[in-house]
Amino acid sequence: MEYTLWILILPLLGFLSLGLLGTRLKGKSAGYIGTALLGLTALLSYFTAWQYFSMDRVDGIRQALTPVNWTWMRFTEFLHIDLGILLDPISVMMLVVISTVSLMVHIYSLGYMDGEKGFQRYYAFLGLFTFSMCGLVVATNIFQMYIFWELVGVSSYLLIGFYYTKPEAVSASKKAFIVTRFADMFFLMGILLLSYFTKTFDFGLLCDPANQSIFASAAGKTFLGGAVLSWATALIFIGAAGKSAMFPLHIWLPDAMEGPTPVSALIHAATMVVAGVYLVARLFPVYFFFTPEVLHGIAYVAAFTALYAAIVACVQTDIKRVLAFSTISQIGFMLVALGVSSMGTVEANGLESHEGLGYMASMFHLFTHAMFKALLFLGAGAIIHTVHSNEMSRMGGLRKQMPITHITFLVACLAIAGIPPFSGFFSKDEILTATFMFKPWLGVVMTFIAALTAFYMFRLYYNIFWGKPAQHEHPLHEAPKNMTGPLVFLALVTVVAGFIPFGKFVSSTGAAYIIHLDMKVAITSVVIALISILIAWKLYCKGTSTVPAKMAGFFGPLYTAAKHRFYIDEVYQFITHKIIFRCVSQPLAWFDRHIIDGILNGIGWITCRGSLAFRWMQTGQLQSYALLIILGALILLCISLFC
């Protein structure tokens, strides 16, 4: 399966060719070249998935493959950095997700970005991002993953700041870059700490339950009251939290909506933001066997983030920001599922018991969410492309003018709300079941968040496609076919994806997992979702209800706080500008300019003054030099005689 190397090479070729020669291409040529290369990448990914998942299991377990691997740097006999390709259930699944969504974005952008300045540059950056993301998920070791992790950060910075003439886009790109780099610093610290004790970067050694001896040197070692391995995995999770926008490192994601809407679909809905989830899933055996307390902590952080983001999404008026906070909340669902999961057990019949449900549910939701959230963002792009505004107040009654966008958007809303038979119902139900099995109170919290999800998504839906039509200076129309085509494709995937026997392909042990719906949980979640949708219909369908305004007045400070994201950004501004910059940076700058520079300038001044004082000795006359030498010799002689 060495051909899998071309899955990385093709988008990289797209980036290099369009980046170097793009300005010489006319019209949409750059878009067609980038799309063709991504089409080949997608076909290779699908073929890889078909070939890998059709292979026979060994002792009931699906084995990992390393078709390509070579040593790049060798530090010791055991510790070295390799570059290669690792194929296992989650990496193959991620290749399918990345290539599918990226291909849809490439096709969609032919219409959405038509006529934009920098069209070639846009497609070059898309190729770089796809290359970086594919390299991240097939990494054979954690250091290779870190290299591509940083490349993903760079490419997302370039795409978010694509409209570099807009101050908001520049600010958003810098904010995303700084926040994620801050988190990545902790990620690197965790990598170094983990590799120092285990003497390896390799995922195959780190994640093999039969190879636990490599952790023996870290056993019993503590730092600041915590086990060294707990510190390592916690630091790695901080890196994951930055990339996946977990509280309090979530602040970059809503502002990243300043980038083109297709970029939001690719980076901030389906691929980049799930990199943190993928990282925790990749190192799941390490978390489970050695630091279960960190794994449970991840669940609690993710649950709080999901609740926070869902509440904020309920009061936003910018459709892209609603979807941004929805993404944060849904990523929280995935990490909660991982946090409450276990490795499971392989029974005599080769099937995995219910203990590994959370892991499988997390990966299942990652897959389904990528499809319907990309559909939502691309649908939002079609609406913005027609209305020329992000605000819901500028929309209303669009179902007649945009019938295809309306139907596909509705499919995605039903999926994320958890209504059967759409895909989101199946994956979200498994997550809720896993949380109820772990702690019932956590299951209740996640069910409430699911209810909020149904409410804010149908609040968005009714405000856009029903409600009171806004006045527009130009006639409204459906998006072109190269934009509606990806919408229809993703809608079809969203309809059928829930029926995929996902557990047979992806599980925590590699053994087949048979999904069984918990009817009590399923019926409860569906009923609650329908009630939430009914409330949204009552409040927003006609667009004439005064209840939302009264509710905003009733909740008062809470509503205002939620609308301003509970002032988390203001807290960051206060800490950075008022405390760090004013109380730390400015005093240090004053100390540097006046004390350090003053000492060095003083040394220079003394040297110059001393030189002037002794300049009279440099006369250029031999007699004067001889006299000085004799006097010096006499002085040294007197010192030696009397001392």
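Couple of notes before you dig in:
- Relative to one another, the C-alpha centroids of region 28-83 and region 101-173 are positioned 20 Å apart.
- Between Leu492 and Arg57, the modelled labels are 3.1 nm apart [label points 7 Å from Cα along Cα→Cβ].
- The simple Förster model, with R0 at 41 Å and r as the Cβ-Cβ distance, assigns Val584 and Asp114 a FRET efficiency of 0.25.
- A Förster radius of 45 Å, combined with the Cβ-Cβ distance separating Asp208 from Ala36, puts the computed FRET efficiency at roughly 0.65.
- Rounded FRET efficiency, nearest 0.05, which uses the C-beta distance separating Leu410 from Leu43 and R0 of 30 Å: 0.50
- Restricting region 384-421 to trypsin sites (Lys or Arg not before Pro) that sit in a DSSP loop and have at most 14 other Cβ atoms within 10 Å of their own Cβ leaves Lys400.
- Shape category assigned to region 428-479 from the gyration tensor of Cα positions, a/c cut at 1.5: prolate
- Restriction of the trypsin sites (Lys or Arg not before Pro) in region 208-290 to DSSP coil positions whose beta-carbon has at most 15 other beta-carbons within 10 angstrom yields Lys221.
- Looking at region 567-615, the accessible area is 83 square angstrom per residue; that uses a 1.4 Å probe and ignores ligands, DNA and RNA.
- With Cα atoms, 0 to 90° folded angle of helix 423-438 axis to the chain main axis: 70
- Legend: residues Arg593, Arg57, sorted from most to least accessible area (1.4 Å probe; ligands, DNA and RNA excluded), read Arg593, Arg57.
- Flagged links, alpha-carbon separation over 32 Å, of Lys243/Lys578; Lys199/Lys373; Lys175/Lys400: Lys199/Lys373; Lys175/Lys400
- Amide H contacts of Phe201 (H built 1.01 Å from N, in plane; Pro and chain starts excluded): His80 sit under 5 Å, all sequence-distant by 5 or more or on other chains.
- Degrees between helix 228-243 axis and first principal axis of the chain (Cα, 0 to 90, nearest 10): 70
- Taking 0.36 nm per residue of separation and subtracting the Cα-Cα distance, full extension of the segment from Val527 to Phe555 would add 7.5 nm.
- Ranked order, Arg615, Arg121 - accessible area, probe 1.4 Å, largest first: Arg615, Arg121
- Helix-derived mean residue ellipticity, 222 nm - over the chain, DSSP H n ≥ 4, -39500 (n - 2.57), to 500: -21500 deg cm²/dmol
- (1) 15, 35, 25, 15, 8, 2, 0; (2) 14, 27, 20, 13, 14, 9, 2, 0; (3) 18, 49, 21, 7, 5, 1, with the label sought being that of the calculated P(r) over Cα pairs in 20 Å bins from 0, in percent: (3)
- Taking each residue as 0.36 nm, the span from Glu2 to Ser393 lengthens on full extension beyond its C-alpha to C-alpha distance by 135.5 nm.
- Per residue, region 188-257 exposes 37 Å² of accessible surface when a 1.4 Å probe is rolled over the protein heavy atoms with every protein chain present.
- Using alpha-carbon coordinates, inclination of helix 29-53 to the longest axis of the chain, degrees: 70
- Dipole of the chain [Lys/Arg +1, Asp/Glu -1 at C-beta], most positive-end residue of Met483, Trp6, Ala183: Met483
- Of all accessible heavy-atom area on region 394-457, the percent that carbon and sulfur account for (1.4 Å): 76
- Ligands, DNA and RNA are left out, and with a 1.4 angstrom probe the accessible area of region 1-71 is 58 Å² per residue.
- Here the spin labels are modelled as points 7 Å beyond Cα on the Cα-Cβ line, and at Phe499 and Val571 they lie 4.6 nm apart.
- Given charges at Cβ of Lys, Arg, Asp, Glu: the chain dipole, positive-most of Gly498, Met360, Thr576: Thr576
- Free of any chymotrypsin sites (Phe, Trp or Tyr not before Pro) that DSSP assigns to a loop and that have at most 14 other C-beta atoms within 10 Å, the longest stretch within the chain is 165-613.
- Too-long pairs where the Cα-Cα distance tops 24 Å, listed order kept, from Lys166/Lys542; Lys26/Lys481; Lys320/Lys520; Lys117/Lys320; Lys520/Lys563: Lys166/Lys542; Lys320/Lys520; Lys520/Lys563
- Loop sites by DSSP among the GluC sites (Glu not before Pro) of the chain, restricted to those with at most 12 other Cβ atoms within 10 angstrom, leave 78-346 as the longest stretch without any of them.
- The residues packed around Ile464, meaning those with a beta-carbon under 11 Å from its beta-carbon, carry a net charge of +2 if Lys and Arg are +1 and Asp and Glu are -1.
- Annotation: for a label point projected 7 angstrom from Cα along Cα→Cβ of Met73, residues of region 134-171 with backbone N closer than 11 Å are 143-144, 147.
- When only Cα pairs below 8 angstrom with a gap of at least 6 residues are kept, region 131-278 shows a relative contact order of 28 percent.
- Difference of contour (0.36 nm per residue) and Cα-Cα distance, Asp318 to Leu634: 104.7 nm
- A crude spin-label estimate for the pair Ala216 and Asp597, with each label 7 Å from Cα along the Cβ direction, gives 5.8 nm.
The values are calculated or read from the model by the stated rules, or taken from the named source; none is laboratory data. Source: prediction; values computed, not measured. Note that we place each Cβ from the backbone using ideal geometry, even for glycine, and neighbour counts take in every protein chain shown. Accessible surface areas use protein heavy atoms only, side chains included; no ligands, DNA or RNA. Shrake-Rupley method; radii C 1.70, N 1.55, O 1.52, S 1.80 Å.
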